[in-house]
Every structure is written in C-alpha cells, then in structure tokens.
Amino acid sequence: MRIGLITGGGDCAGLNAAIRAVVKHGTSSGHSIVGFRNGWKGVAEGDVLHLSRSDVRNVLPLGGTVLGTARFHPHREDGGVEAVQATLEQERVEALICIGGDGTLHAASKVAESGVKVVGIPKTIDNDVWGTDKSIGFDTAVHVATEAVDRLHTTAESHNRVMVVEVMGRDAGWIAVHAGIAGGAEIMLAPEHPFDIEAVTRALRHRHRAHASFSIVVVAEGAVPAQDTAMHYTTERDELGQIVAGATAERVAGEIAERTGFETRVTVLGHIQRGGTPLPSDRVLASRFGHAAIEALNHGHSEVMTAVRGEHVELVPLREVAGKLKTVPQELLTAARALA
Ligand code: F6P
C-alpha cells in the first residue's frame, strides 16, 4: 500500500521517533510511505515528499517533526475534506496515519467518514487525548517542567519569595500536577479543579508562618478561579483563541502578592516544554505507536487510534476518542493537594 503520514497540531518531543517507526516498519512490510508537510494543510495542498529509511536515519533524538506541522483542520475549511480526498486520490494514497492531538484526530475521524482509511497516533504534551494512558511528548514536557521547578526552589528560598510557574495545559492539568508533585510545589492549580484564591493565600500564609519563607506555585495556563470566589478571572485568549502565555500566572501572582504581602515572581515555561530531545520513554512510546499503526493497517483496521493501556499497546475506535478530553482524575488531584 501507499501510506500517507502527517504530524498535526502542536509539536512535541518524540514525533520523529514515531515517523521513523512508521517508515521502518512500513517499508519492511512492503509499503511505500508518503509524507505530507505541515499536517493536514500539506494534504489539502498536495505538499508531499516520499519517505525512505535514509530519511529517518538519526532522527530518534531529534525534537520537533521533520515533516513540519500546522494547526489546520480540513473539516473546518470550505472544501477542505474534498481537497484532502483529491490529493489522496492523485497521490494514490490508500491509507493515512495521522499523528496528532484532539484537533488532528477529530479531523482524521471526519476524513475517515469520506471513506479514507485512517489510523491515529496520539501526541500532545497536554496528555489529554482520551483513550490512552499516555500521549507522545508528555513525559518529556513533565521532565522539562520538573527541572524548572527544581531550579526555582533555590532562587525562591534565597529571596524568600513565592515563585509562580506557568506550565502548558489548556484544558487539563496533567503537566501541572505531575511537575508539581515531582518538584515538590506547595500549590498546583489545574483546570479540572477551579481554585479559591483565598484558600491558596491561606495555605501560603500558614506555610510562611510555620516553616518556610518561600513557596512554589505551579499553575496550568488553563486554570481558573471557582465561581463565587474572591478572584474574578476569565482565561485571556488572543484573536485566534489561543491562551495568552503568562496571563494566568501573572494574575495569580498579583492576587497572592496583594493578599499576602509576599514578594512574588512569575516564570512562564511556554514552548520550552515542547522542544528539545525526547526522553527515552517518549522515544519508546512513539516507536511502539508507529509500529502498531502499520500493524493495524497490515491487519485491515481503519478509523482506529493506537493507545497504551498499562503495559499494552492497543487499538481504540477513533469515533470513541474524537471530541473527548482525558482530564486529571479527582484521586490524583486529591493526592497532589495532600503531598503539597
Ligand atoms: O499542543 C498543546 C499546546 O502546547 C497547549 O498546551 C498550548 O496551549 C498550545 O499547544 C500552544 O499552541 P501554539 O504552539 O499554537 O501556540
């Protein structure tokens, strides 16, 4: 078969490991692999490149994606799905492997409705793709964020400050909770649990009275105050609807400073969490997903997504995944508060 391959949405560490696995196992299985540049945009525009084993040599430790990516969803563009179909017919592509987050995978399920064979691979540092324990990029993002929190401890303690660290996570606080627990943060604010700024400042005042002169507060960019609490804040977004980096952390830091009198500073990790070389765990997960995607096509599957559940890589129906979010469970949020 001629199999198409795209990486869509926000990039992350590990994408090239997945691309490498698709090309290696795909060519070993007798298929030819056709890459499209910049996600669904490249499919719609016919921006194609043939991928051979030599093209994926030495890409395992490489961050980002050699195919490029973009935030483009064909089903949201006039004639977008038709343009995708036309390109796939013209390039004689019989199946498409889509490496992406909720947006890209939702688009894949829409394109599949038009009869194209599709297999999805979950990637996003937010780890909020439903149906899989892990998405490509999450582990590396947590590592980067944890390393930052570790570093901020020394400067916070030296200056007796409250350091507010903003991590990515539009709709789910997986990075905030994991990096907060791993880094020993006092407070972790996640979108799943709207916070009460007075409870936050009470906890900080208690800590600074009792046994410390500094604190670390990790805030997911999508965290919001609870209704009917003292802080009124709606997530600040730009004209494209993207969250304005740093807006949430700056507001939280301002409220803490005003209510406690403690000196506060803000660190916004932003795209550092998405860049750089993938951890071995992301390289392995991505390689397993790439292999499983080819195996799925070898066995005649379509409209499925590779997923890891415990130690096993499985296939889940795309229609069960599309449009859903995997949020941090209450048990983990409770544990995070207890361990703070
Ligand atoms: O891919 C997810 C994500 O990293 C979010 O955590 C973040 O809000 C968003 O992408 C940033 O998007 P962009 O790279 O388009 O600014």
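The values are calculated or read from the model by the stated rules, or taken from the named source; none is laboratory data. What you see is a predicted model, and the numbers here were worked out from it, not measured in a lab. Cβ: placed from backbone, ideal geometry, glycine included. Neighbour counts: every protein chain shown. Surface accessibility is based on the protein's heavy atoms, side chains included, excluding ligands, DNA and RNA. Shrake-Rupley method; radii C 1.70, N 1.55, O 1.52, S 1.80 Å.
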If the Cβ limit is 7 Å and pairs must be 6+ apart or interchain, which residue in segment 253-277 that is closer than 20 Å to residue 233 by Cα and within 11 Å of the ligand (Cβ to nearest atom) pairs with which residue that is part of a helix (DSSP H, G or I) and at pLDDT 95 or above? none
If you go through segment 1-20, how many residues are of a type outside the set (Lys, Arg) and over 20 Å from the mean Cα position of the chain (by Cα)? 3
Residue tally, condition closer than 24 Å to residue 16 by Cα and assigned to a helix (DSSP H, G or I), over segment 62-75: 1
Taking segment 48-58 on its own, how many of its residues are surrounded by 13 or more Cβ atoms within 10 Å (Cβ to Cβ) and either within 18 Å of residue 286 (Cα to Cα) or within 25 Å of the chain's Cα centre (by Cα) (or both)? 4
Tell me yes or no: at least one residue of segment 111-124 is of a type in the set (A, V, I, L, M, F, W, C) and within 16 Å of the ligand (Cβ to nearest atom). yes
Would you check which residues across segment 76-89 are part of a helix (DSSP H, G or I) and open to solvent by 60 Å² or more (accessible area, probe 1.4 Å) and list them? 76, 82, 89
List every residue pair whose Cβ atoms lie under 8 Å apart, where the two residues are 6 or more positions apart in sequence or sit on different chains, the first residue falls within segment 314-340 and is farther than 18 Å from residue 126 by Cβ, and the second residue, located anywhere, is β-branched (Val, Ile, Thr) and in a helix (DSSP H, G or I). 335/181; 339/181
Hits in segment 59-68 (condition: open to solvent by 40 Å² or more (accessible area, probe 1.4 Å) and among the β-branched types (Val, Ile, Thr)): 66
Count of residues meeting criterion [of a type in the set (Gly, Ala, Ser), modelled with pLDDT of 95 or more and touching a helix residue (DSSP H, G or I) at 6+ places or on another chain (Cβ under 8 Å)] in segment 110-169: 7
Over segment 145-179, the set of residues more than 16 Å from the ligand (Cβ to nearest atom) and either of a type in the set (A, V, I, L, M, F, W, C) or under 29 Å from residue 11 (Cα atoms) (or both) is 146, 147, 149, 150, 151, 152, 153, 156, 162, 163, 164
